[in-house]
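Colleague: First the structure, which I've put down as structure tokens, then a few questions once you've had a look.
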Amino acid sequence: MTTARDLMITAIAAEPEHPVPHGELSLALAGAELLDLLADETVVLDGDRIVPRLRVPNADLLLEQAGAALVDSPPYESVEDWLWRRGRDLASAYLAAFEEDGQLTRQRHRLPFRSGNVTLADTPDRRAAEARRAAGEPVLAGLAAAAGVRDAGAVGDPAGAADAVAEPVADGAVPRDPADIVLAAVGDAATELKAVRQRRDIEQAAYDNIWRGV
């Protein structure tokens, strides 16, 4: 199992009571993949730049695709740019992979990944992810909070975990752990996406009001 798959299981488990925003989840999944690539030393961070190292084949197809998608020449890619590029529709890719792997079943005649149309199968992977979530593991908790996953029985405060890693580092301070850098970037990107969505909603509402007055 990977952090990205654990996050996807956590997000699906939150449905249908608390639908998870598709865009924020995709960004968080891209961050989770990057954390997995850091953990297996496929990449290292130079500041906020992702520097590829020796490629090692990965049994997880999506993580293998993530490794193949890395920018392999200077000045390399920033964590922020990676999240937006790799994260595009990534939740849908994981949903399709889960269905293919038999990790979930889909109810018919419903919109994709909305309001409980998918159900997790009772698998060892699901139980492992739920145990990690219940333990309040900081990385998974931070990613889940950034994605908009509301509490699903975890111990501790996932939102607080995300806030903690998102705090800026003062000039001259000791560089943060790479995981903190990634989590902070995911939080910033999710916040930016929410702001864009809110602006569009306001603009659409104003446009609708104009037409009502015509």
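The values are calculated or read from the model by the stated rules, or taken from the named source; none is laboratory data. Note that the structure is a prediction, hence the values are computed from the model and not measured. FYI the Cβ positions are ideal-geometry reconstructions off the backbone, even for glycines, and counts take in every protein chain you see. Side chains included, ligands, DNA and RNA excluded: accessible areas come from the protein's heavy atoms. Shrake-Rupley method; radii C 1.70, N 1.55, O 1.52, S 1.80 Å.
Colleague: Residue by residue through segment 126-137, note down the ones that are in contact (Cβ under 8 Å) with a residue 24 or more places away in the chain and either among the hydrophobic types (A, V, I, L, M, F, W, C) or open to solvent by 50 Å² or more (accessible area, probe 1.4 Å) (or both).
Modeller: The answer is ARG126, ALA128, ALA129, GLU130, ARG132.
Colleague: Same structure again: Report yes if some residue within segment 93-115 is modelled with pLDDT of 95 or more and β-branched (Val, Ile, Thr); otherwise report no.
Modeller: no
Colleague: Out of the helices (runs of 4 or more DSSP H) lying entirely within segment 1-102, which hold 2 or more residues that are within 19 Å of the chain's Cα centre (by Cα), surrounded by fewer than 23 Cβ atoms within 10 Å (Cβ to Cβ) and of a type outside the set (Ser, Thr, Tyr)?
Modeller: Numbers: elements: 3-13, 22-39, 61-68, 79-86, 90-101.
Output list reads 22-39, 61-68, 79-86, 90-101.
Colleague: Here's a follow-up. Looking only at segment 145-167, decide whether some residue is open to solvent by less than 20 Å² (accessible area, probe 1.4 Å), modelled with pLDDT of 90 or more, in contact with a Phe, Trp or Tyr (Cβ under 8 Å, 6 or more places away or on another chain) and closer than 26 Å to ALA185 by Cβ.
Modeller: There is no residue in segment 145-167 that is open to solvent by less than 20 Å² (accessible area, probe 1.4 Å), modelled with pLDDT of 90 or more, in contact with a Phe, Trp or Tyr (Cβ under 8 Å, 6 or more places away or on another chain) and closer than 26 Å to ALA185 by Cβ.
Colleague: Residues being modelled with pLDDT under 95 and in contact with a Lys or Arg (Cβ under 7 Å, 6 or more places away or on another chain): count how many of those fall in segment 1-23.
Modeller: Of the residues in that region, 5 qualify.
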